[in-house]
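Read the figures in this text as sums done on the coordinates, not as results from a lab. These numbers come from a predicted model, not from an experiment. Every residue, glycine as well, gets a Cβ built from its backbone with ideal geometry; the counts of neighbours run over all protein chains shown.
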Amino acid sequence: MDVEAPPRRRLAIVLAVAVTLVGGVIAMGFAHAWGHETTDDAFVEGHLTLVGAQVSGRVIELAVTEHQAVKASDVLVRLDPAELDARVAKARADLDAAVNRQRSASAAAAAADAEGRMASAELRSAEQEAARAHSLFDAGVASQQQLDDATARLDSARARVSSLASRADAERAVLGSDAPVRQAEAALRSAELDLAHATIVAPFDGTVGRKSVEVGTLVQPGQPLLSLASDEPPWVMANFKETQIPKMRPGAPAELRVDAYPGVVWKGHVESIAPATGAKYALLPPDNATGNFTKVVQRVPVKIALDGPAEGSDAPEAALLVGLSVEARVDVRH
């Protein structure tokens, strides 16, 4: 009995130490899991836009190919400008005509004023002649015919003065309203803008994605022609369950693992938490007040900014592509 005791005692000590270590590891694992929230419903996001046509026309040049890098203002697509050039020429002619009408009205108003001054002088002369005719008629020197002629000339002079004054007022009214000129100027600017839109350029630095247009295609305003991914750094959009976010705050550190690069860990931090669940952003949000209600755990979008690869992780040479699957782990102990 005494000989076998020491080995048994040593075995008990080893077992006790092993149980203690395993228990500690398990306890640390539980503690670590308790302070973190994880989801695999996460994806790489970035600025991706559809570049479309703003005017109608036929494509005469496709200046880029799929997956080509471009800079802001680089030409992507050119439309046939012939019809748009004609619109600009017509709008410019309409503006010239409106300006000429304004100038003609100004000249007509000046001529009416000059004729009005002459008519006023003639009116004064007719008034004096009519007064003399009345005096001579009263004295029995002039005949009734002479008096009637003098009175008729006076009435004619008064009518001419009134007519010229009205004509001058009408011409000045045309001058007082420059609406036709401003309208023609606006039409010209619109036509020039449409002509400029015949050349479709890149709105920012990026890479051309899928294109859905070829030379000869007749496009309409608003029709998407190609997609363009921005060169700005991407981020991760993680959709956590509603039960996972009560302790989550902006600034909380995060670890990110991208399925495309196993073994590589990225560091990041929570940038913002959406003000509504993802279901509320759907085209047709669910209405729980209708039909039979089935409770479903909702997902809340959380934007996670990338801070770079973790220490010891080799970052891939290729950039993180928009849409890649990610496993996100957020430390909620902070």
For A42, the residues 5 or more places away or on another chain with a placed amide H closer than 5 Å to its own amide H are N239, V326
Along Cα→Cβ, 7 Å out, is where each label goes; now give me the distance between the ones at Q68 and A97 in nm to one decimal.
-> 4.2 nm
Subtracting the Cα-Cα distance of V265 and R182 from 0.36 nm times their residue separation yields 23.7 nm
Scattering from the C-alpha atoms of the range 236-313 alone, worked out with Debye: what is log10 I(q)/I(0) at q = 0.23 1/Å?
-> -1.07
With the label point 7 Å along the Cα-to-beta-carbon line of D80 and a cut-off under 14 Å to each amide N, the hits in the range 199-231 are 215-220
For G209, which sequence-distant residues (separation of 5 or more, or a different chain) have an amide H within less than 5 Å of its own amide H, given hydrogens modelled in the peptide plane?
-> H67, S227, L228, A229
Can you give the extra length, in nm with one decimal, that the chain gains between T290 and A159 once fully stretched, where that is 0.36 nm per residue apart less the Cα-Cα distance?
-> 39.0 nm
Pairwise label distance in nanometres, R210 with V297, each label 7 Å out on the Cα-Cβ vector = 3.2 nm
Label-point gap, in nm, between E327 and T49 - each point 7 angstrom along Cα→Cβ = 3.6 nm
Paramagnetic reach from A310 in the range 213-254 [backbone N under 16 Å; point 7 Å along Cα→Cβ] = 253-254
